[in-house]
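Here's the structure, in structure tokens; my notes come after.
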Amino acid sequence: MAKKILIIDDDPIIVKYLTAVLEDNGYTTCSATTGAAALEVVKREKPDLITLDLEMPEEWGPHFYRRMTKDPELQDIPVIVISGMAGRHAIKKAVAYLSKPFDPDKLLLTVQRAIGLPD
Amino acid sequence: MKPKLLLVDDEEGIRKVLGISLADSGYTVLSAENGEEALRIFESQQPDIVLTDIKMPGMDGITLLRRIKQQNPETEVIMITGHGDMELAIKSLQYDATDFVTKPISDDALEKSLQKARERILIRRKLKEYTENLESLVHEKSARLQAVAKSPASQASGAQQPPDPSRYHKIFDDMPCYITVRDRQYHLTAANKLFRQDFGEPGGSCCYELCKQAAAPCEDCPADKTFHSGCPQQTEMVFKTQTGASFNTLVWTTPVRDAHGEITHVLVMATNITQLSQLQDHLASLGLMIGSVSHAIKGMLTGLDGGMYLIDAGFAHEDQAQVQEGWEVVKLMVGRIRGMVLDILYQAKERAVVRTPVDLAVFAEELTSLIAPKMKRHGIRLAQEFAPGVGRFELDAGQVQAALVNILENAVDACIEDRQKTEHRVVFRVRREPQQVVFEVEDNGIGMDADTRAGIFTLFASSKADKGTGLGLFVAAKIVHQHGGEITVASAPGEGSCFTVRLPAVGAEPGGFPHTTPEDQEA
């Protein structure tokens, strides 16, 4: 089964973009535009990897991350931060940090390093 | 008077022998067998000379020396050391012992040390006398000088003119800042020309009435602090004139004392620093803007990348729908970028307000036509409530339109953000009131909490994350203020917001400050 990636970003256009890049390369995706919705999706879909925006209006990315990692079942899911913010250390355990605008090839390489090829 | 000497040694024999010989030499001898007892006697008797053994059980001689020097540095302390205690002896000199004598004590050596101590006491006493004499001499001489100055002969000679009070009064009056004198009851007892000119005659009014148009004293009154502490104070305050103009001032206060040194009044000096404060605000907001704009640009570039990716992929898969989707994204992003650039231009470039008579009904109609397509796309209903016969009004149509479009856009975004309600509407009202026109934009979108509401016009904080630059409402408020008007907002989270813009008719705006005039623009 193809590896699943959860995309969290409050901008639907960026969600669409990330979805297209990842699915075109064989990964399956799911998405959420708020931290609250994201937690539901994580529990339901058990993704192999999460891409997370930092600045979201309803819940700040690192805050969502703290909530998620309180659950022992979810705390080891690798996270790639994709943000326009300079807060490189906002999530210390993030496996990588990509600055917006990001290079799609670099994104794919980073995903591959974290969880390997899609299948 | 016999000099008082305190002898400290733990050996009773030494105390006895030395005590007799010192009494014979003319000293009043007190004795103690340890450091603690010595300190007690020292405190009650204040001897001129202390003669102490260095090595004693309990408090040793060095500690005693230090404690005595702390209490009275002028005490002469002579140390008695054992043979070969050179290190301790030197240490005692470092702590300002007068001298040291070694055991067994020879009469000669002890007498030399005591002589040294007596000489030091004598010198110190003489020095004190001289100083006191000098002081009384100065008093005497200055009294004579004053007497000479007051004598009619010296006035006639013109050598020393007494100060002319009217000259000081003129300096006080002509100072290029606001100067007032205030008593403890907040009454202004004097004010200089500039103050009287801008704030009116004091005439027994209270400072807060004239300077702030307030009914009660300011909470953090610097003059009150000066009355209390007697120290000068410095602070920043906002002053408000009778015409309603307000400006930032830097305020200094200093106490005015009577002949008995009592503080009877406080002198308050204030200088207008509005331009400086505006510059500070401008710089701070520029810094914030750069941060906010760069973040917004990163988001938009990512969106553009996304659009281009979708177009590329669509062409590669020969998927017309995906190409179309990508193209929509690109158009949206270009629109966002255009909006932001216009906002930045408004922020960066001060524009003169050029008023022309405008038919308000036509103006409002045009305005809504700009926002209507976006509302239609999102299924938001637009209700126009234009009061009949609103007529014509003088305003800068281009600028006021930009301000109101920003507010309307904001209302639409607030509706789009809201996912609770199924139907959304924006109401746009225009009505005339005496001497002013009122625009209202009401939405039933997400609304704002008190914190968000407090910052919307001043800070570049956007509550719209990647979609907002945090500029729109700031620009709107700026334009409204340049028209001498005011912008207010009422809002509740989950229920919606209502923005009210009031623009005064020409000649009706309060104060005349700090509106921008065309002259300012060219500077």
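Bear in mind that the values in this text are calculations on the coordinates, not laboratory data. Keep in mind that what you see is a predicted model, and the values were worked out from it rather than measured. Every residue, glycine among them, receives a Cβ derived from its backbone with ideal geometry; neighbour counts consider all protein chains shown.
Counting Cβ atoms of other protein chains within 10 Å of each residue's Cβ and taking the mean over peptide B:303-313 gives 5.
Towards the positive end of the charge dipole of region A:21-119, with charges on Cβ (+1 Lys, Arg; -1 Asp, Glu), say which of A:Leu117, A:Ala37, A:Pro78 has the farthest Cα. The residue sitting most towards the positive pole is A:Pro78. The calculated 222 nm mean residue ellipticity attributable to helices in chain A amounts to -11500 deg cm²/dmol, summing -39500 (n - 2.57) over DSSP H runs of n ≥ 4 and dividing by all residues.
For the pair region A:49-110 and region B:36-60, the centres of their Cα atoms are 74 angstrom apart.
Per residue, the average separation of C-alpha pairs within less than 8 Å and at least 6 apart gives chain B a relative contact order of 8 percent. Size check on chain B: the Cα extents along the three principal axes, sorted descending, read 122, 84, 38 Å. Take the Cβ atoms of B:Lys112 and B:Arg66, set R0 to 35 Å, and the FRET efficiency comes out at 0.90.
Estimated from helices alone, the mean residue ellipticity of chain B at 222 nm is -16000 deg cm²/dmol (sum of -39500 (n - 2.57) over DSSP H runs with n ≥ 4, per residue). Rounded to whole numbers, the Karplus 3J(HN,Hα) couplings from phi for region B:262-267 are 6, 7, 9, 9, 10, 8 Hz, using 6.51 cos²θ - 1.76 cosθ + 1.60 with θ = phi - 60°, and x at Gly and Pro.
Around A:Arg44, under 15 Å between beta carbons, what's the net of Lys plus Arg minus Asp minus Glu among the other residues?
-2
When Lys and Arg each count +1 and Asp and Glu each count -1, what net charge do the other residues less than 10 Å away from B:Val427, Cβ to Cβ, add up to?
Numbers: positive: B:Arg381, B:Arg425, B:Arg429; negative: B:Glu385, B:Glu440, B:Glu442, B:Asp443.
Local net charge: -1.
Modelled label positions at B:Tyr95 and B:Arg377, each set 7 Å beyond Cα in the direction of Cβ, lie 8.8 nm from each other.
Rg and Dmax, both from the Cα atoms of chain A and both in Å, are 12.8, 35. When the pairs B:Lys2/B:Lys112; B:Lys69/B:Lys141; A:Lys16/A:Lys46; A:Lys16/B:Lys421; A:Lys43/B:Lys421; B:Lys116/B:Lys141 are compared against a 29 Å limit on Cα-Cα distance, B:Lys69/B:Lys141; B:Lys116/B:Lys141 fall above it. Axis angle, to the nearest 10 degrees, between helix B:472-482 and the longest C-alpha principal axis of chain B: 80 degrees.
Under 5 Å between amide hydrogens, built in the peptide plane, is the criterion, and for A:Ile7 it picks out A:Cys30, A:Ser31, A:Ala32, A:Thr51 among residues at least 5 positions away or on other chains. The Cα-based radius of gyration of region B:165-261, divided by its Kirkwood radius, gives an Rg/Rh of 0.95. For region B:180-317, relative contact order (Cα pairs under 8 Å, six or more residues apart, normalised by length) works out to 17 percent.
If the only charges are +1 at each Lys and Arg Cβ and -1 at each Asp and Glu Cβ, what is the size of the charge dipole of the protein assembly as shown around the Cα centre, to the nearest 20 debye?
Value, rounded to 20: 900 debye.
In plain terms, the bigger the Kirkwood radius, the slower the diffusion; for region B:1-103, with that radius from Cα pairs, at 20 °C and 1.002 mPa s, Stokes-Einstein puts D at 161 µm²/s. As I understand it, the value is the acute angle between the Cα axis of helix B:274-316 and the longest principal axis of the Cα atoms of chain B; what does it come to in degrees, rounded to 10? Helix B:274-316 sits at roughly 50 degrees to that axis.
Each residue of region B:201-216 was assigned a 3J(HN,Hα) from its phi angle through the Karplus expression (A = 6.51, B = -1.76, C = 1.60, θ = phi - 60°), giving 5, x, x, x, 6, 8, 4, 5, 5, 7, 7, 10, 6, 10, 9, 9 Hz with x at Gly and Pro. Does the protein assembly as shown come out rounded, prolate or oblate, given a ≥ b ≥ c as the square roots of the eigenvalues of its C-alpha gyration tensor, rounded meaning a/c under 1.5 and, failing that, prolate meaning a/b above b/c? It comes out oblate by the Cα gyration axes. Measuring r between the beta carbons of B:Ala387 and B:Ala149 and using R0 = 51 Å, the FRET efficiency lands at 0.05. Modelled this way, with points 7 Å down the Cα-to-C-beta line, the labels at B:Leu342 and B:Asp258 are 6.8 nm from one another.
Here the simple spin-label model places points 7 Å from the Cα toward Cβ, and for A:Leu98 and B:Glu37 these points are separated by 9.0 nm. Here the scattering of region B:212-274 is modelled by Debye summation over its C-alpha atoms, one equal scatterer each and no solvent; at q = 0.12, 0.17 Å⁻¹ the log10 of I(q)/I(0) is -0.34, -0.62. Span-like helix check, chain A: no full DSSP H segment qualifies, none having both a Cα axial length of 27 Å or more and a mean Kyte-Doolittle of 1.6 or more. Using the Karplus relation 6.51 cos²θ - 1.76 cosθ + 1.60 with θ = phi - 60°, the per-residue 3J(HN,Hα) values for region B:97-110 come to 5, 5, 6, 9, 10, 9, 7, x, 7, 8, 4, 4, 4, 5 Hz, with x marking Gly and Pro.
When the GluC sites (Glu not before Pro) in region A:31-101 are filtered for DSSP coil states and for at most 16 other beta-carbon atoms within 10 Å of their beta-carbon, the remaining sites are A:Glu58, A:Glu73.
Apply the a/c threshold of 1.5 to the C-alpha gyration tensor of region A:47-108 and tell me whether it is rounded, prolate or oblate. Oblate shape, in that a/c is at least 1.5 and b/c is the bigger or equal ratio. The calculated FRET efficiency for the pair B:Met175 and A:Arg44, based on their C-beta separation and a Förster distance of 60 Å, comes to about 0.20. Taking a ≥ b ≥ c as the square roots of the Cα gyration tensor eigenvalues, with a/c under 1.5 meaning rounded and otherwise prolate when a/b beats b/c, else oblate, which class fits region B:366-441? Cα axes put region B:366-441 in the prolate bin.
Its relative contact order, with pairs defined as Cα atoms under 8 Å and 6+ residues apart, puts region A:52-119 at 27 percent.
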